[in-house]
Amino acid sequence: MVEILQNLGAGLWQALSPLNLILLFIGLIAGLIVGVLPGLTLVMGVVLLLPFTYPMATTQAIVLLTAVYLAGTYGGAFTSILFKIPGEPIHVPLLWEGYPMARRGEAAQALGWTLFAALGGGLFSWLLMVLISQPFARVALSFSTPEYFAIVFLGLTSVVVLGTGSVQRAVVSLLLGLLVATVGVDDVYGAERFAFGSPLLRNGIDYLTVMVGAYAVAEVLARLEEGFSSATLQKVGGVKTALPTLGQMRRVLSTFFRSSIIGAIIGAVPGAGATVASFVSYGVEKQYGKRRKEMGKGVPEGIVASQGAATASVGGALIPLLTLGIPGSGATAVILGAFLLHGVQPGPQVFQTSLDSIYTIYASVLVGLFLMSLIGYLAVKPLVRVMDFPEAVTSAFIMVLCFIGAFTIRNNITDVWMMVGFGVIGYIMERYNYPVAPLVLGTILGPLAERAFMTTMISYANDWTVFFRRPVSGVVMVIAIIGLLYTLLSPWLQKRKESPLLNKNC
């Protein structure tokens with residue numbers, strides 16, 4: 001422990017050097033901007049800054065890119081909560097709780113809970129990264145495609161609890177999302193599906209067009225139908241950042257630790273990433289949390305569950321990258337490329353040859369967490385003031401952002417029309433009480449589930465029992481199935497429990 005503290009002290013001294021501090025600040029600002037703008041993904045933000053790292057030293061390059069990665073998991077919270085625009089799929093579960101709070105005039109409180117969850121989840125995973133990185137990465141190394149599928153399946157089964165109404169309608173919405181995800185060329189066999197001869201459809205329907213359209217455009221259409229005359233937003237421009245009190249934090253400690261553990265574990269699973277962590281953590285909270293029946297109506301537990309897991313996944317994803325050279329997410333895959341561009345192969349040998357660089361990266365993540373929180377704290381007030389504008393003005397601004405974001409995905413106007421189309425679909429679904437969340441969930445997680453399932457079937461001669469015979473995947477699959485059956489059978493069990501009372505009263 002003394003050696004770790006000494007190494008951290010030396011790394012902190014390097015991280016606070018003027019050049020590293022400037023790069024850290026630039027990376028955090030870039031990550032927040034990437035998170036806010038729909039159409040610019042977190043991975044895209046890291047990729048865009050990668051060419052600027054060519055003339056830098058290895059440590060400086062990794063500090064910059066890691067800062068973008070860290071802040072990107074938090075930046076989309078502002079638009080998700082205030083405008084129902086998730087800049088990243090990471091923040092889709094966040095808006096399910098944050099946006100209803102904003103509609104009640106509690107935007108500052110929602111952003112305060114988000115800041116608390118981001119800082120706390122990041123610190124938790126940072127401690128894991130520093131203390132148990134090598135044994136933790138060794139466990140993740142044993143994971144294969146059955147484990148990947150089991151984790152994604154757990155996220156998909158949460159669809160039955162994400163829908164606030166009928167389970168059947170939630171399943172229909174999920175199946176529609178999975179259908180949208182199949183459009184394009186199959187990753188495993190290369191077969192063309194539902195492309196109808198269109199070169200654009202052959203490349204698939206990007207989840208960003210579905211996500212932005214079904215949420216942001218659909219919301220604007222719904223508000224337009226009402227003539228922007230429904231309950232007005234509370235004027236919150238003069239409200240300071242409403243950080244939760246110690247008593248309020250104490251009440252969500254179980255949610256915080258549960259989400260942080262889930263985020264760190266899933267982040268360390270190669271290929272899973274912050275999106276899966278956010279969805280799975282929110283689904284677990286919806287099924288087993290103390291306030292599970294209130295989820296979806298704007299409760300802090302939902303915000304802490306999704307944002308805490310998302311930020312905690314950063315430290316988790318860096319564990320296998322630094323210790324074994326295995327990227328835990330798309331962003332860390334780009335960071336791995338930065339290592340290789342500078343002639344460094346991450347792995348166990350790095351802790352012997354470049355121990356100072358490793359601890360400088362550790363220290364920069366710690367400093368970055370506090371800097372990110374400070375920037376987020378100061379940015380809340382000016383962002384919340386935007387809600388003072390007339391809703392028609394903000395809706396027009398939102399549509400402009402949506403159009404720009406959709407066009408920048410592939411620089412094709414067809415994506416813009418697709419986004420509008422999914423906006424209409426989302427509006428119709430909301431109008432007839434079909435939940436939109438399962439549609440987006442299926443679109444995002446569908447390709448991951450299909451790829452893991454098909455690869456497993458090829459590797460294990462179409463033996464589906466492998467998902468239950470392997471210890472880790474078996475436990476996750478059993479948990480997912482139990483949660484699914486419990487949710488499906490709960491109404492029937494409740495009616496059975498109440499029927500004797502009804503008969504007795506009769």
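At a glance:
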quantity: Qualifying residue in segment 405-425 (condition: crowded, with 21+ Cβ neighbours inside 10 Å and of a type in the set (D, E)); calculated: yes
quantity: Some residue of segment 103-118 being closer than 30 Å to V344 by Cβ and surrounded by 24 or more Cβ atoms within 10 Å (Cβ to Cβ); calculated: yes
quantity: Single unsatisfied condition, Y215 versus (1) modelled with pLDDT under 80; (2) more than 26 Å from L42 (Cβ to Cβ); (3) not aliphatic (A, V, I, L, M); calculated: (2)
quantity: Count - residues of segment 243-280 that are among the polar types (S, T, N, Q), assigned to a helix (DSSP H, G or I) and free of Cβ contacts under 8 Å to residues at least 60 places away in the same chain; calculated: 3
quantity: Count - residues of segment 44-67 that are in contact with a Gly (Cβ under 7 Å, 6 or more places away or on another chain), under 17 Å from A363 (Cβ atoms) and without any contact (Cβ under 8 Å) to a residue 60 or more places away in the chain; calculated: 1
quantity: Pair list, Cβ < 6 Å and 6+ apart or interchain, from segment 185-201 residues that are in contact (Cβ under 8 Å) with a residue 40 or more places away in the chain to residues that are not in a strand (DSSP E or B); calculated: D187/R451; V188/M454; L200/T414
quantity: Whichever residue in segment 458-477 is among the hydrophobic types (A, V, I, L, M, F, W, C) and in contact with an Asp or Glu (Cβ under 8 Å, 6 or more places away or on another chain) and, among such residues, is nearest to V276 (Cα to Cα); calculated: V476
quantity: Residue match in segment 228-240 (condition: at pLDDT 80 or above and charged (D, E, K, R)); calculated: no
quantity: Residue count, segment 380-399 (criterion: modelled with pLDDT under 80 and either of a type in the set (F, W, Y) or within 30 Å of R202 (Cβ to Cβ) (or both)); calculated: 2
quantity: Residue count, segment 194-222 (criterion: surrounded by 18 or more Cβ atoms within 10 Å (Cβ to Cβ), touching a helix residue (DSSP H, G or I) at 6+ places or on another chain (Cβ under 6 Å) and in a helix (DSSP H, G or I)); calculated: 13
quantity: Pairs where the first residue, in segment 72-97, is on the phi > 0 side of the Ramachandran plot and the second is among the hydrophobic types (A, V, I, L, M, F, W, C) and assigned to a helix (DSSP H, G or I), C-beta under 7 Å, 6+ apart; calculated: K84/L95; K84/A216
quantity: Options G11, G45, G35, G39; residue that is touching a Phe, Trp or Tyr at 6+ places or on another chain (Cβ under 6 Å), of a type outside the set (A, V, I, L, M, F, W, C) and modelled with pLDDT under 85; calculated: G11
quantity: Residue in segment 433-450 that is surrounded by fewer than 15 Cβ atoms within 10 Å (Cβ to Cβ) and more than 23 Å from the chain's Cα centre (by Cα) present; calculated: yes
quantity: Some residue of segment 337-359 being of a type in the set (S, T, Y) and touching a Phe, Trp or Tyr at 6+ places or on another chain (Cβ under 8 Å); calculated: no
quantity: Only one of V68, V47 that is hydrophobic (A, V, I, L, M, F, W, C), assigned to a helix (DSSP H, G or I) and crowded, with 24+ Cβ neighbours inside 10 Å; calculated: V68
quantity: Among the candidates F136, F124, residue that is at pLDDT below 85, more than 30 Å from T209 (Cβ to Cβ) and either buried (at least 24 other Cβ atoms within 10 Å of the Cβ) or not acidic (D, E) (or both); calculated: F136
quantity: Residues satisfying the stated conditions in segment 338-378, i.e. assigned to a helix (DSSP H, G or I), hydroxyl-bearing (S, T, Y) and in contact with a helix residue (DSSP H, G or I) (Cβ under 9 Å, 6 or more places away or on another chain); calculated: S357, Y359, T360, Y362, S364, S373, Y377
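The values are calculated or read from the model by the stated rules, or taken from the named source; none is laboratory data. Please read all numbers here as calculations on a predicted model, not as lab measurements. Please note: Cβ atoms are built from the backbone with ideal geometry, for glycine as well, and neighbour counts cover all protein chains shown.
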